[in-house]
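All remarks here apply to the structure that follows.
The values are calculated or read from the model by the stated rules, or taken from the named source; none is laboratory data. If you're wondering where the values come from, they're calculated on a predicted model, not measured in any experiment. Every residue, glycine as well, gets a Cβ built from its backbone with ideal geometry; the counts of neighbours run over all protein chains shown. For the accessible areas, the whole protein counts, side chains as well, though only heavy atoms, and no ligand, DNA or RNA atoms are used. Shrake-Rupley method; radii C 1.70, N 1.55, O 1.52, S 1.80 Å.
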Amino acid sequence: MLNLDKSLFEEIVTESEFESLEKNCKGYHGVEPSGIPHIGHILVIGTRIKAMMRAGIRMQILLADWHAMVNDKLGGDLERIRQSGEILKKAYEIELGDLKPEFVWASDLIDKSSYMEGIIRTAKQTTLSRLKRALPIMGRDESDAESDFSKYLYPVMQVNDIFELDLDVALGGMDQRHAHMLARDIAEKMNRKKVVSMHSPLLGSLKGTGRMDNFKKMSKSDPDSAILMTDSEEDVKRKIKNSFCPMGIAEGNPVMDIMKIIIFPSMKEVTIHRPEKKGGDITFTDFISLESTYKSGAIHPMDLKESVTDNLSKMMKPFAVLRDYLEK
């Protein structure tokens, strides 16, 4: 049995299967290189990867270059996508420190003769309507696939990646649930091992309009809707200061999301600095207590934002080298 804090995850499918896992089982996280990674890519997922590796799971990070090409990331230019993948790899290496996951390029998997056979065998176990239901994993809907059939290949590729890597555990955000459930359905039909699916929560946009998505998508509308791993301390301060953070409301509040999903899993305690006339500083050792206090109106949004800015800036200091890396 693995000693892992399950509260880090929004969902585990299934918990009973998770309880049967043993040390040295194989896990993975697949990610599309699509520009400069943001805190959702690196700090949210990185925290979960660290916990899984420390629990004894051998993790692989799949740099899904071909998947990004199918999904039209960076204009579908594989050279640019692979350059982006190197940045992504560097960011994960910084976050994970002494922990050493194996990095795998999707293009290396695809080069194997067994991969195409796997695609065909996997595709034969599902239907077009089932694939349509899985399209949200790539931020797409049926209309996108109607004009570009390659979009239907994406879920099949993702399922086949899981089979090709012979995994026990798949880690992704809640947006990857459709792909993981498809893999479990097809595994049952093919009499293969079902992957345990572990889903992390998703960060909301700083503007309060939805979750943080890939950098390319956000940059078209408002680059200040997410915190990028190359942002300076001044950038972080400005973005958090201007973020959506309604007084006394925790649900749908992106600043509270950062506290819950990123800061508290990494910190033993968090202090909110308040003016003496407002009760002075208050320290929390768990998010539930902070949430309750915030909802009572005892914490002003600006005081919450300052705490998030200070703690997040500390966590992001090691990533300053990414800016130097990009300038080379």
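Just one of the listed residues (GLU10, GLU15) is open to solvent by 50 Å² or more (accessible area, probe 1.4 Å) and over 16 Å from the mean Cα position of the chain (by Cα), and it is GLU15. For ASP310, are the conditions met, namely being under 28 Å from LYS6 (Cα atoms) and without any contact (Cβ under 8 Å) to a residue 24 or more places away in the chain? Considered against the rule, which asks whether it is under 28 Å from LYS6 (Cα atoms) and without any contact (Cβ under 8 Å) to a residue 24 or more places away in the chain, ASP310 comes out as yes. Scanning the stretch 221-268 for residues that are of a type in the set (A, V, I, L, M, F, W, C), touching an Asp or Glu at 6+ places or on another chain (Cβ under 9 Å) and not in a loop (DSSP other than H, G, I, E, B) yields LEU228, ILE240, MET256, MET259, PHE264. The helices (runs of 4 or more DSSP H) found entirely in the stretch 78-181 that carry 3 or more residues being open to solvent by 20 Å² or more (accessible area, probe 1.4 Å) are 78-96, 113-123, 128-134, 142-147, 150-164.
Does ILE288 meet the test of being touching a residue at least 60 places away in the same chain (Cβ under 8 Å) and within 20 Å of GLY204 (Cβ to Cβ)? Answer is no for this residue. If you go through the stretch 53-87 and keep only what is β-branched (Val, Ile, Thr) and farther than 9 Å from GLU32 by Cα, you end up with ILE57, ILE61, VAL70, ILE87.
Quickly run through the stretch 264-314 and pick out the residues that are open to solvent by 40 Å² or more (accessible area, probe 1.4 Å), small (Gly, Ala, Ser) and within 22 Å of the chain's Cα centre (by Cα). Result: SER266, single match. Taken across the stretch 44-60, residues that are in a loop (DSSP other than H, G, I, E, B), of a type outside the set (Val, Ile, Thr) and either in contact (Cβ under 8 Å) with a residue 60 or more places away in the chain or assigned by the TED database to the domain that holds SER107 (or both) do occur, with at least one present.
Condition check for GLY40 on (1) open to solvent by 50 Å² or more (accessible area, probe 1.4 Å); (2) at pLDDT below 95: one failure, at (1).
Listed by first and then second residue, the pairs with beta-carbon distance under 8 Å, at least 6 apart or on different chains, first residue in the stretch 1-25 and farther than 20 Å from ARG184 by Cα and touching a residue at least 60 places away in the same chain (Cβ under 8 Å), second among the hydroxyl-bearing types (Ser, Thr, Tyr) and part of a helix (DSSP H, G or I), are LEU8/THR47. Here is a list of conditions, (1) open to solvent by 20 Å² or more (accessible area, probe 1.4 Å); (2) under 15 Å from MET157 (Cβ atoms); (3) assigned to a helix (DSSP H, G or I), and HIS67 meets all of them except one; can you say which number that is? Among (1) open to solvent by 20 Å² or more (accessible area, probe 1.4 Å); (2) under 15 Å from MET157 (Cβ atoms); (3) assigned to a helix (DSSP H, G or I), HIS67 violates only (1).
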